[in-house]
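Notes follow once the structure below has been shown.
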Amino acid sequence: MTEALPFRYEDDPDAPGWKRWELPAGNRFNSFLGPLSVKVEDGVARVRMTPGEQHSNLRGNVHGGALLGFIDVAMFAAARGFGVLTAGTAATLDLSTQFIAGGTVGEPIEAQVELLRETGRLLFMRGLIVQKAATIASFSGTIRKPSAK
């Protein structure tokens with residue numbers, strides 16, 4: 001059995017009014033994305049990261065795989081922001097993404113995530129990835145909550 005890793009969810013010292021969501025263990029995938037900033041307003045969780053050179057493709061844009069990883073992790077950060085999930089063994093069941101435009105390295109990107117429905121075991125979510133005034137992707141996904149012990 002794998003022990004749940006502790007995520008930090010606390011006031012973001014770099015972004016007043018936002019929470020910082022990160023996994024302190026530097027040897028997990030989440031650390032590749034860096035700490036995320038989370039803010040919930042009017043039923044929408046805003047999750048931000050700033051992509052670096054390590055997130056780029058050969059065209060100099062944000063790599064599609066990095067965007068998919070960000071979207072996946074942003075859904076969990078949003079669920080934490082909504083107060084419906086803390087951390088642990090929840091899992092992504094599906095993730096559908098439509099790429100609309102390239103993202104720019106070095107500029108913050110933001111996932112704007114909505115919780116469409118929560119059941120006893122599932123979270124249904126959708127959202128947009130935006131950078132400046134441009135939409136660069138849209139997505140929908142389902143998370144299975146951890147099993148009760």
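The values are calculated or read from the model by the stated rules, or taken from the named source; none is laboratory data. Note that the coordinates shown come from a computational prediction; the quantities given were computed from them, not determined experimentally. Neighbour counts run over all protein chains shown; Cβ positions are idealised from the backbone, glycine included.
Computed values, structure above
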read-out	value
Unmet requirement for F32, which otherwise passes all of (1) among the hydrophobic types (A, V, I, L, M, F, W, C); (2) buried (at least 18 other Cβ atoms within 10 Å of the Cβ); (3) modelled with pLDDT under 90	(2)
One residue from A90, A77 being out of contact with any His (no Cβ under 9 Å at 6 or more places or on another chain) and over 30 Å from G60 (Cα atoms)	A90
The range 110-149: number of residues that are surrounded by 15 or more Cβ atoms within 10 Å (Cβ to Cβ), under 17 Å from A66 (Cα atoms) and among the β-branched types (V, I, T)	3
The range 74-97: number of residues that are part of a strand (DSSP E or B) and in contact with a Leu (Cβ under 9 Å, 6 or more places away or on another chain)	3
Qualifying residue in the range 98-109 (condition: crowded, with 20+ Cβ neighbours inside 10 Å, out of contact with any Cys (no Cβ under 7 Å at 6 or more places or on another chain) and assigned to a strand (DSSP E or B))	yes
Residue under evaluation A45, criteria (1) closer than 20 Å to D12 by Cα; (2) in a loop (DSSP other than H, G, I, E, B), criterion not met	(2)
Unmet criterion (only one of (1) touching a Ser or Thr at 6+ places or on another chain (Cβ under 8 Å); (2) buried (at least 20 other Cβ atoms within 10 Å of the Cβ); (3) within 18 Å of V40 (Cα to Cα); (4) not aliphatic (A, V, I, L, M)) for G81	(1)
